[in-house]
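A.B. asks: Here it is, the structure, as structure tokens.
Computed from the coordinates by the stated procedures, all read-outs in this text should not be read as laboratory data. As the structure is a prediction and not an experimental result, all values here were calculated from the model. Note that each Cβ is placed from the backbone with ideal geometry, even for glycine, and that neighbours are counted across all protein chains shown.
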Amino acid sequence: MQQTQLTSYHVWGRGIRWFHWINVLSVLALLGTGLVIFNGKTIGLAGDAKILMKELHVWAGYLFATNLAWRIVQGFRGSHFARWRTLLPFGNGFLGELRAYLDSLRSGEPRAYLGHNPLGKLMVILLFLLLITQAITGLLIAGTDLYYPPLGGWIAEWVAPAGVDPASLVPGDKTMVDAAAWSEMRDLRKPFIITHVWVFYSLLAAVVLHVVAVVVAEVRERSGLVSAMITGDKVLAERPVDLSEPGE
């Protein structure tokens, strides 16, 4: 019986692996605190407890947004498989490669890749679009709820009555704000909060789909997807389709 020869390839650098796991932890923190805030009335969350939960949510959001911004930069100056031109499904021949990959799945002999397979690339662009939208809307809402940066100072100046120092406004206290300005601010906020909530649920569904897809790919392809995000190495029995592309 011929023994299968396994070959190890270094694919993901330390920085990309750190991004991935920081993103996992920050998204879990945001999902958890977000669910508590969204269901605050049902569980009796109010007053200082509600403000504290929002503060925890925002600080997790700062970590998430900073980590995401760093990853976006790495897409232009990072290692080969971390770059957008390799990661996103916009390259020449992508549709043909997608068809070939789907055919290989149906045949029971899936094609091996060092980077993301074609379906993985589609998932990547979906996740990044959701993450970026959530970061942008969340940063604006942080200013309207808690007067936190980057827009909190401007929001406080907007809703503070004449003669009241904007810096003295207290989150959650409407007695110190100008009622008309507050109403205008909430009207501006409304489409952002609606988007934030819908993207929240979309992101939750996408995360579940992503985890299921990774588990299925790990079982069917035996490509070491999970371990590669820990060690940076993929161990494959077949020649990767994208081996001709330079690694790190």
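A.B. asks: Fewest first, what order do Thr66, Thr86, Thr175 take by the number of other Cβ atoms within 10 Å? Numbers along the way, then the final one.
C.D. replies: Numbers: Thr66 13, Thr86 19, Thr175 5.
In increasing order of surrounding Cβ atoms, one gets Thr175, Thr66, Thr86.
A.B. asks: Of Leu105, Gln134, Trp154, which is farthest on the positive side of the dipole of the stretch 87-169, counting Cα position, with +1 on Lys and Arg Cβ, -1 on Asp and Glu Cβ, and the Cα centre as origin?
C.D. replies: Of the candidates, Leu105 comes out farthest on the positive side.
A.B. asks: Counting Lys +1, Arg +1, Asp -1, Glu -1, what net charge surrounds Val73 among other residues with beta carbon under 15 Å of its beta carbon?
C.D. replies: +4
A.B. asks: Taking the Cα centre as origin and putting +1 on Lys and Arg beta-carbons and -1 on Asp and Glu beta-carbons, what dipole magnitude results for the chain, to the nearest 20 debye? Provide the component values of the computation, followed by the final result.
C.D. replies: Values: 21 positive and 19 negative charges, 105 e Å.
Approximately 500 debye in magnitude.
A.B. asks: Let me ask something else about it. What number comes out for the charge environment of Thr144, summing +1 per Lys or Arg and -1 per Asp or Glu over other residues with Cβ under 15 Å away? Working shown, then result.
C.D. replies: Numbers: positive: Lys50, Lys54, Lys174, Arg186, Arg189, Lys190; negative: Glu55, Asp145, Glu157, Asp173, Asp178, Glu184, Asp187.
Taking every Cβ under 15 Å from that of Thr144, the sum is -1.
A.B. asks: Counting Lys +1, Arg +1, Asp -1, Glu -1, what net charge surrounds His196 among other residues with beta carbon under 15 Å of its beta carbon? Walk me through the numbers before you get to the answer.
C.D. replies: Values: positive: Lys54, Arg186, Arg189, Lys190; negative: Asp145.
Around His196, the surrounding residues sum to +3.
A.B. asks: For the stretch 38-98, what does the alpha-carbon gyration tensor say about shape, rounded, prolate or oblate, given a ≥ b ≥ c as the root eigenvalues, a/c under 1.5 as rounded, and a/b over b/c as prolate?
C.D. replies: oblate
A.B. asks: To continue, here is another question. Quote the charge dipole size of the stretch 12-150 about the Cα centre in Debye, to the nearest 20; the model charges only the Cβ of Lys and Arg (+1) and of Asp and Glu (-1). Numbers along the way, then the final one.
C.D. replies: Values: 13 positive and 6 negative charges, 74 e Å.
About 360 debye.
A.B. asks: Apply the Karplus parameterisation 6.51 cos²θ - 1.76 cosθ + 1.60, with θ equal to phi minus 60°, to every residue of the stretch 225-234 and state each ³J(HN,Hα) to the nearest whole Hz, in sequence, with x for glycine and proline.
C.D. replies: 4, 5, 5, 5, 7, 10, 9, x, 10, 10
A.B. asks: What residue among Ala205, Leu28, Gly120 has its Cα farthest toward the positive end of the dipole of the chain, where the charges are +1 on Lys, Arg and -1 on Asp, Glu, each on the Cβ?
C.D. replies: My answer, from the dipole projection, is Gly120.
A.B. asks: Which of the three applies to the stretch 115-178, rounded, prolate or oblate, going by the alpha-carbon gyration tensor with a ≥ b ≥ c and a/c under 1.5 meaning rounded?
C.D. replies: Numbers: a/c = 5.67, a/b = 4.71, b/c = 1.20.
Because a/c hits 1.5 or more and a/b exceeds b/c, the stretch 115-178 counts as prolate.
A.B. asks: Specify which residue in the list Leu6, Ile72, Phe90 is farthest towards the positive end of the charge dipole of the chain, using unit charges on the beta carbon of Lys, Arg (+1) and Asp, Glu (-1), about the Cα centre.
C.D. replies: The one lying farthest along the dipole's positive direction is Leu6.
A.B. asks: Here's something else I'd like to know. Please give the charge dipole size of the stretch 8-80, origin at the Cα centre, charges +1 on K and R Cβ atoms and -1 on D and E Cβ atoms. Round to the nearest 20 debye. Present the calculation step by step, with values, prior to reporting the outcome.
C.D. replies: Details: 7 positive and 2 negative charges, 42 e Å.
Here the size comes out at about 200 debye.
A.B. asks: Between 0 and 90 degrees, rounded to the nearest ten: what's the tilt of helix 47-77 against the longest Cα principal axis of the chain?
C.D. replies: Tilt of helix 47-77: around 40 degrees.
A.B. asks: As a check on your grasp of the helix formula, calculate [θ] at 222 nm for the chain: sum -39500 (n - 2.57) over DSSP H runs of n ≥ 4, divide by the residue count, round to the nearest 500.
C.D. replies: Working: 9 runs with 165 residues, N = 248.
The helix-only estimate for the chain comes to -22500 deg cm²/dmol at 222 nm.
A.B. asks: Give the lysines reachable from Lys50 as a straight Cα distance under 18 Å; neighbours fewer than 8 places away on the same chain don't count.
C.D. replies: Straight-line reach from Lys50, under 18 Å: Lys41, Lys174.
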